[in-house]
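Student: Please find one structure pasted underneath; my questions will follow.
The values are calculated or read from the model by the stated rules, or taken from the named source; none is laboratory data. None of these values were measured; they are calculated from a predicted model. Accessible surface areas use protein heavy atoms only, side chains included; no ligands, DNA or RNA. Shrake-Rupley method; radii C 1.70, N 1.55, O 1.52, S 1.80 Å.
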Amino acid sequence: MPVQIPDDSDFTSFKDQCLSTDGWIGRYNKGGVTVWCREEESKTVQKLKMRIVCKDVTAETLYDVLHDTSYRKKWDTNMIDTYDIGRLTVNADVGYYSWKCPSPLKNRDFVTMRSWLPLGNDYLIINYSVKHPQHPPKKDYVRAVSLLTGYLIQSNGPNCSTLYYLTQVDPRGSLPKWVVNRVSQFVAPKAMRKIYKASLKYPDWKRKHNPTLKPWMFPEQNTLPCISASELTLQRADSLENIDESGLNEEKTHHSDDEDT
């Protein structure tokens, strides 16, 4: 299927999903983080939504943190690798991301098209999986599929913001119930707190690391090779390997998301 670069209606629809309460079930509400879930057509493909209020962090800083891949390597301890592949437009690109899954599951990776848009006092970033001919599935990873993942950042005044994270990912595998529960009760809230903590430290870090370099804000700084949407196709889940990990038991030692930043 051909790839469509998101337009304003896609961003508006994503924002509406983030702010809507209809059909969402609360799974976690503690320490300023709320997690909701919504089961879709398939039980393996769960839609999760999270919210955290970030005091002493501007909406602009949160937006920069989520874009800045150089800084992500400092705080995202679940990440194995990430890199940009090419740009499609001034506010859309294609990139690669791989992350550690809790032992004993196999690690996952993605190739996604990402698009972003500042909209009044809001900032939005959304992505979904695509196929790129030069970046096929890798031997040691399970290629997962982002059906829709993204962030909504809303300004709550001069020095406060709210971050929403919504994700619907097909992990390409029958996951054990303990993994699904652990994601909503532990992994997701911890990830939101990590972003908040990283955002508090970002202004000082950025002052020492190319402080004027923000290609997500200034497209003329973008040095990625241009690629055409015609080179990409939508990554359909049914074209990828599906593995059964439903019988695996939780290992009590070495949880990758237990690491602190």
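Student: May I ask you to give the solvent-accessible area per residue for region 115-162, in square angstrom, as obtained with a 1.4 angstrom probe? Please report the intermediate quantities before stating the final value.
Tutor: Numbers: 2120 Å² over 48 residues.
Normalised by residue count, the accessible surface of region 115-162 is 44 Å².
Student: Now, a different point. Taking the square root of 5 times each eigenvalue of the Cα gyration tensor, what semi-axes in Å does the equivalent ellipsoid of region 31-157 have, largest first? Please report the intermediate quantities before stating the final value.
Tutor: Numbers: eigenvalues 124, 75, 48 Å².
One finds semi-axes of 25, 19, 15 Å for region 31-157.
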